[in-house]
Amino acid sequence: MKHATPAALDALEGLLADLRTLDLAERGRGVFYRKGRAFLHFHEDPKGLFADVRDAAGRDFERFEVTAADGRAALLAAARARARA
C-alpha cells in the first residue's frame with residue numbers, strides 16, 4: 001500500500017483540517033507526529049483511502065478505512081482519544 005498522493009489528500013482536506021486542531025505536529029501534509037513520534041499517516045490503494053493511527057498502547061498502528069464519512073468519523077474519534085492520552 002503506497003502513501004497517499006497529494007490528490008488523495010485533497011479528497012481528505014476536511015479531515016486533515018479537523019486533525020490539525022489536535023495537539024499533533026504535521027511534519028508533512030497528512031503525516032502527523034505526537035511527542036516526536038509518528039502518530040498518523042495516510043495510504044491509498046485500489047480499495048480506497050486508509051489511515052494508520054498509533055494504537056492506544058502506543059506500540060503499533062491501527063488501520064482505518066477513510067474513503068467514506070463513517071470511517072473518517074471513526075478515525076477522528078480514535079485520534080482525539082489517543083492524542084489526549
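Read-outs throughout are calculated quantities, based only on the coordinates presented, and are distinct from any laboratory measurement. Keep in mind the model is a prediction, meaning the values are calculated, not measured. Every residue, glycine as well, gets a Cβ built from its backbone with ideal geometry; the counts of neighbours run over all protein chains shown.
What span do the alpha-carbon atoms of the chain cover on each of the three principal axes, reported in whole Å from largest to smallest?
Answer, in whole Å and largest first: 32, 21, 20 Å.
Would you work out which of 25, 42, 3 lies farthest towards the positive end of the dipole of the chain? Charges go on Cβ: Lys and Arg +1, Asp and Glu -1.
It is 25, whose Cα lies furthest towards the positive end.
Applying the Karplus parametrisation 6.51 cos²θ - 1.76 cosθ + 1.60 with θ = phi - 60° to the phi angles of region 32-46, what ³J(HN,Hα) value in whole Hz is obtained for each residue in order, glycine and proline being reported as x?
10, 10, 9, 6, x, 10, 3, 10, 7, 8, 10, 10, 9, 7, x
Hey, what did region 9-85 get for relative contact order, percent, Cα under 8 Å, at least 6 apart?
22 percent
In degrees between 0 and 90, to the nearest 10, how far off the longest principal axis of the chain does helix 69-84 point, with axes built from Cα atoms?
20 degrees
Sequence-distant or interchain residues sharing an amide H contact under 5 Å with residue 66, placed H: which?
Answer set, sorted by chain and number: 49, 50, 51.
What spacing in nm lies between the two simple spin-label points modelled at residue 73 and residue 16, each 7 Å away from Cα in the Cβ direction?
The two pseudo-label positions are separated by 2.4 nm.
Quickly work out the residue 60-to-residue 7 label distance, labels modelled 7 Å from Cα along the C-beta direction, and quote it in nm with one decimal.
The modelled label-to-label distance comes out at 3.3 nm.
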